[in-house]
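Engineer: Could you have a look at this structure, given as structure tokens, before my questions?
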Amino acid sequence: MSVENAIETQALGKTFGSLTAVDAVDLRVAAGSVFALLGPNGAGKTTVVRMLATLLRPDSGNAQVFGHDVVRQATAVRSMIGLTGQYAAVDENLTALENLRLFGQLLGLTRRAASRRADELLEEFELTAAAKRRVATFSGGMRRRLDLAATLITLPPLIFLDEPTTGLDPHTRERMWTVVRGLVDRGATIMLTTQYLEEADALADRIAVIDHGTVVAEGTASELKSSLGEEMLRIDLVEAAQRPLADAAVERITGVTPLHGDTPATLTVPLRDIDSAADVLTACRTSGIRLRGFAVDRPDLNSVFLALTQHSTDRRALS
């Protein structure tokens with residue numbers, strides 16, 4: 001394995017009975033970077049993370065963390081990683097301070113060092129005022145911050161963040177983003193799964209989109225956006241019932257199947273030629289399709305996700 005990569009996988013696979021959760025996934029994650037995994041619910045993102053964190057054994061392929069095989073050298077891998085899952089792992093019956101001191105001692109710190117590190121983390125995550133409160137009284141956002149703080153007791157070189165900001169208010173989410181950037185500045189590598197596309201856009205150096213256990217695209221946010229073309233046409237219909245008619249008109253003009261937007265009455269389409277936008281609008285008017293509005297914008301990461309997972313008609317949320 002290259003010393004420049006924190007993670008490498010080759011044809012990594014995992015099945016559960018007849019279900020293929022992860023299918024021949026190849027990944028390269030550069031050390032000191034943020035790598036985001038995006039995909040619909042059940043796409044296989046968390047399964048990938050759990051295999052890399054040695055919590056699940058791969059059924060095929062292999063994976064290395066800083067050159068150590070996740071199966072044959074699992075103990076070494078565990079010594080180099082931290083994992084914050086989708087649900088807080090702290091003890092609700094203990095205070096925030098007691099939780100962090102306990103984690104520190106379990107990870108080999110002396111009592112004094114564990115106490116000092118706990119104080120540092122409570123201050124960094126703005127939890128000092130609540131240090132002696134039982135976690136059972138914490139809000140969801142406070143628990144997430146405490147859970148991440150516990151992951152950082154020993155500042156591992158590789159940190160897995162599985163939806164770290166789910167349920168947080170915008171202020172707290174921004175604070176968490178600042179923490180993540182600070183970790184990378186200190187040399188850590190972050191693998192992030194998130195349900196917020198803007199989060200991946202803001203934080204990730206590279207992004208992999210996974211659908212049905214397979215990586216369907218990978219690149220920087222700019223590369224993924226550019227793959228759709230220079231512009232996106234958004235059309236808002238007066239009547240959602242006219243969407244099939246609008247889809248047909250758009251596809252006839254552009255040769256591209258429209259993407260379904262935020263509502264049943266919204267569709268978007270990538271444009272290779274900006275002049276085709278006028279042709280689409282003319283076709284809609286000729287076909288008697290009533291428009292509430294339209295706009296031409298640069299592609300965003302949400303458009304990329306919709307285009308890559310177009311067959312997921314149930315509009316599943318990211319996880």
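The values are calculated or read from the model by the stated rules, or taken from the named source; none is laboratory data. Computed from a prediction, not measured in an experiment: that's the story for all the values here. Please note: Cβ atoms are built from the backbone with ideal geometry, for glycine as well, and neighbour counts cover all protein chains shown. These accessible areas exclude ligands, DNA and RNA; they are computed on the full protein's heavy atoms, side chains included. Shrake-Rupley method; radii C 1.70, N 1.55, O 1.52, S 1.80 Å.
Engineer: Kindly indicate the residue of segment 163-219 that is modelled with pLDDT of 85 or more and polar (S, T, N, Q) and also farthest from Gly61 (Cα to Cα) among those meeting that condition.
Structural biologist: Only one residue tops the list, namely Thr178.
Engineer: For segment 38-69, how many residues meet the condition of being open to solvent by 40 Å² or more (accessible area, probe 1.4 Å) and part of a strand (DSSP E or B)?
Structural biologist: The total comes to 4.
Engineer: Using the structure shown, decide if Thr165 is under 21 Å from Gly187 (Cα atoms), outside any helix (DSSP H, G or I) and of a type in the set (Ser, Thr, Tyr).
Structural biologist: no
Engineer: Here is a list: Val34, Val22. Which entry is more than 22 Å from Glu199 (Cβ to Cβ) and of a type in the set (A, V, I, L, M, F, W, C)?
Structural biologist: Only one candidate passes the filter, namely Val22.
Engineer: Given the conditions (1) modelled with pLDDT of 90 or more; (2) in contact with a strand residue (DSSP E or B) (Cβ under 9 Å, 6 or more places away or on another chain), report the number of the one that Gln105 does not fulfil.
Structural biologist: Gln105 satisfies every listed condition except (2).
Engineer: Which is under 16 Å from Leu37 (Cα atoms), touching a strand residue (DSSP E or B) at 6+ places or on another chain (Cβ under 8 Å) and either part of a strand (DSSP E or B) or not aromatic (Phe, Trp, Tyr) (or both), of Ala217, Ala246, Ala202, Ala277?
Structural biologist: Ala217
Engineer: Something else about it: Of the residues that make up segment 224-236, is at least one open to solvent by less than 70 Å² (accessible area, probe 1.4 Å), within 30 Å of Phe16 (Cβ to Cβ) and not hydrophobic (A, V, I, L, M, F, W, C)?
Structural biologist: No, segment 224-236 has no match at all.
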